[in-house]
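A quick write-up on the structure given underneath.
The values are calculated or read from the model by the stated rules, or taken from the named source; none is laboratory data. Because the structure is a prediction, the values reported are computed rather than measured. We place every Cβ from the backbone using ideal geometry, glycine too, and count neighbours over all the protein chains shown. Side chains are part of the model used for accessible areas, which takes the heavy atoms of the whole protein and leaves out ligands, DNA and RNA. Shrake-Rupley method; radii C 1.70, N 1.55, O 1.52, S 1.80 Å.
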Amino acid sequence: MLENLNEAQQEATEHIDGPLLILAGAGSGKTKTLTSRLAYLIGEVGIDPLNTLTLTFTNKAANEMRQRALGMIESNTHAMPLLCTFHKFGLLFLKLHIQKIGRDNSFVIIDSDDRKRLIRNISKELKIDLNTSFVSAEISKYKNTLLEPDEVIEKAELSEYKNAAKIYKEYQQRIEADNLVDFDDLLVLTYKILKNDEQLRKEISNRYQYIMVDEYQDTNDLQFRLLELLASEHRNLCVVGDDDQSIYGWRGANIRNILEFNEKFADAKVIKLEINYRSTQQILDAANRLIEHNSRRLGKSLKSYKGEGIDIKLMHSSDENQETTQIAKEIHKLIDEGVDPNQIAILYRINALSRAIEEGLMRENISFKLVGGVRFYERAEIKDIISYFRTLSNPSNDFSLLRIINKPKRGIGATSLGKLKALADKKALSVYETIVTSPIEELQSNISKKVAFALKDFIEEIKELKEASQDSLYNFIDFFEDRVGLKDYYGSMADGYDRILNIDEFYGYMRDYILSNPDVTLDDFLNDISLQNDQDQLDERAVNVMSIHAAKGLEFEHLFVVGMEEEFFPLLGDNCDIEEERRLGYVAITRAKSDLTLSYCDSRFYKGRRKLLKKSRFLGEAGLIKNASLKVSKSSEYKKGDLVNHKIFGIGRVQAVTKSGKEYKLLINFGGIKKEILSSFVKPV
């Protein structure tokens, strides 16, 4: 179990009790170390697998770790350790304990698309004109900071935030009334139940005596607080991560969780994994030089196990069309030499750059897959099938039922639905219960005779489907399509052929899933696909085209990074965090195993006009170009506008930042009194 590990990996594996931070550089074998430690605890120390909990951010990572860890343990008589995502853990927990807050465990999970649709409906009803994505992001932020709707309404100052808070209040009331939970609720409700029930907290913490967390740098404040509760009785918390790969600040990840781990856990052991098994030294040197310009980091330097390798290539083009032509020719050459297209990737910092890449590859007849575009499960035809299945699982779920009540067309229009919903509200029943319990005469007094009979027929169809789903789930798929006819419905549309292919793809995936999990129920299947993500879908043979964020955790033999220009990479502007941009650069470079090309253009067509560009400062900071106009110096941890805390003067706002030897001097306004303070004497608020 230990013989294939290097010295640092062995030390981490053999650490048993007490908090542990494994600072794992890119490609340094963190998964191997984590799985070895789990196998060591179970197979050598004798820890009951049921007393372990390993949390990840993707299903793919959890499945891989489970297989690898169990493969190291000689005996197959052990119970299965729990390895899952944070959200899957929340789902499992709530299925057992949600009744403690007065909710039923037949709840349905809604995804981001469902949430936005509900927000749009509420916005129309409240006559509030706000961007749906903005409101959705605000609701997520409120939930992850444990703010209740009334608190947000009271604290909001600007009108757009007050309006977002009003939508949040109505949104929360509706999902609770329909017994729905969104992704944020899976963790928020789990935290609240544990926080408010000391006996249960102790019971759960004592059950999971050894907790491990992968990609710890991506955790947010709520996840940290949840981990504190789970480890409260023993403090056996092992976290694995890389502060230099913390790139999700924009969605709530808090880099301070990893930077301050040994402050939160004073006796924490810190072990650095610095031997990189993925990339050549040339690639690592560029990554090391680039990231050294960041001040907020714990510090490490990657060394290659593979040796020097070939030089990093810089590709210069006049514009984006020449760029994609050059890249396409290079890819053609690689494929002709026998390179697997899956080992080739093109990365970009902003989505706007993907258009030229897609068009260029199509012109050259190169097969590619766009990772992170419109996701498969968010396509209308797939959402409809899932909504049918959710309705079978919980017919009283109005949210799903109303989506499919007129798909295929049954003559049930918006006016009739409005009257039906009003009747349901009057009776304090769900729409389903209202149709079932109301005599046909009562329905006809509110809506037309034709619609009333259509509704009764629809209910009979749902009952037939529900009964069929409880027998053979594999045979149910054909029965469902024959009875409902979604392929016929979508086949009549202009893009019907593509939609039918998507439906067939879904049915095919479902059949494979059932064959692999013979005892699976419809509920299990629904819960699993609700937790899917982009990287779980990467299996086809084609060149990968994706954002750098989507590439996190992946690796490719041949890598092209486009858009290496100021404003494109790094992004610049008032809300730009240059240190996070630099971490993105570090992540991009370290995706490459042996062959890396960084591409920059003199101009790009962007936002309706052609823009002249300068080379990215990152090329200079990585030591790949020499340019006197590029200032290559470590940046300050702080920027103008930041709030900081001084132990004597209290909280102030940074007004200016200047270099002072090896440090930075900050001009800070402390409630009207301005003082110049060295940056090492303050902390961010």
Practice task
Report yes if some residue within the range 526-545 is in contact with a strand residue (DSSP E or B) (Cβ under 7 Å, 6 or more places away or on another chain), closer than 26 Å to SER28 by Cα, in a helix (DSSP H, G or I) and modelled with pLDDT of 85 or more; otherwise report no.
Solution key: no
Exercise for the section: Give, as residue ranges, the helices (runs of 4 or more DSSP H) completely inside the range 134-215 that count at least 2 residues that are under 30 Å from ALA39 (Cβ atoms) and open to solvent by 10 Å² or more (accessible area, probe 1.4 Å). Expected result: 198-207
Problem - Count - residues of the range 465-500 that are open to solvent by 90 Å² or more (accessible area, probe 1.4 Å) and more than 32 Å from the chain's Cα centre (by Cα) - result: 8
Practice task
Test GLY241 against the criterion of being open to solvent by 20 Å² or more (accessible area, probe 1.4 Å) and closer than 16 Å to ARG583 by Cβ, and give yes or no.
Solution key: no
Fill in the blank from the handout: Looking across the range 334-368 at residues that are farther than 19 Å from VAL561 by Cβ and touching a residue at least 40 places away in the same chain (Cβ under 8 Å), the single one that is most open to solvent (accessible area, probe 1.4 Å) is SER367
Exercise for the section: Confirm whether ASN406 is open to solvent by less than 40 Å² (accessible area, probe 1.4 Å) and not in a helix (DSSP H, G or I). Expected result: yes
Practice task
Please tell me if LEU522 is of a type in the set (A, V, I, L, M, F, W, C), more than 29 Å from ILE357 (Cβ to Cβ) and at pLDDT 90 or above.
Solution key: yes
Exercise for the section: Determine which single condition ASP111 fails, assuming it passes every other condition in (1) more than 27 Å from LYS593 (Cα to Cα); (2) at pLDDT 90 or above. Expected result: (2)
Practice task
Taking the residues in the range 249-301 that are touching a strand residue (DSSP E or B) at 6+ places or on another chain (Cβ under 7 Å), part of a helix (DSSP H, G or I) and open to solvent by less than 20 Å² (accessible area, probe 1.4 Å) as candidates, determine which candidate is nearest to ASP577 (Cα to Cα).
Solution key: ILE258
Problem - Only one of ARG37, ARG103 that is in contact with a His (Cβ under 8 Å, 6 or more places away or on another chain), modelled with pLDDT of 90 or more and either open to solvent by 10 Å² or more (accessible area, probe 1.4 Å) or not hydroxyl-bearing (Ser, Thr, Tyr) (or both) - result: ARG37
Fill in the blank from the handout: Exactly one of ALA414, ALA380 is closer than 25 Å to ILE175 by Cβ, of a type outside the set (Lys, Arg) and over 27 Å from the mean Cα position of the chain (by Cα), and that residue is ALA414
Exercise for the section: Confirm whether VAL371 is open to solvent by 50 Å² or more (accessible area, probe 1.4 Å), touching a helix residue (DSSP H, G or I) at 6+ places or on another chain (Cβ under 8 Å) and either within 30 Å of GLN172 (Cβ to Cβ) or touching a residue at least 60 places away in the same chain (Cβ under 8 Å) (or both). Expected result: no
Handout entry: Meets criteria (touching a residue at least 40 places away in the same chain (Cβ under 8 Å), touching a Phe, Trp or Tyr at 6+ places or on another chain (Cβ under 6 Å), within 30 Å of ASN63 (Cβ to Cβ) and buried (at least 16 other Cβ atoms within 10 Å of the Cβ)) for ILE503
Key = no
Problem - Candidate set from the range 594-621 (those that are at pLDDT 90 or above, of a type in the set (D, E, K, R) and in a loop (DSSP other than H, G, I, E, B)); member that is least open to solvent (accessible area, probe 1.4 Å) - result: ASP602
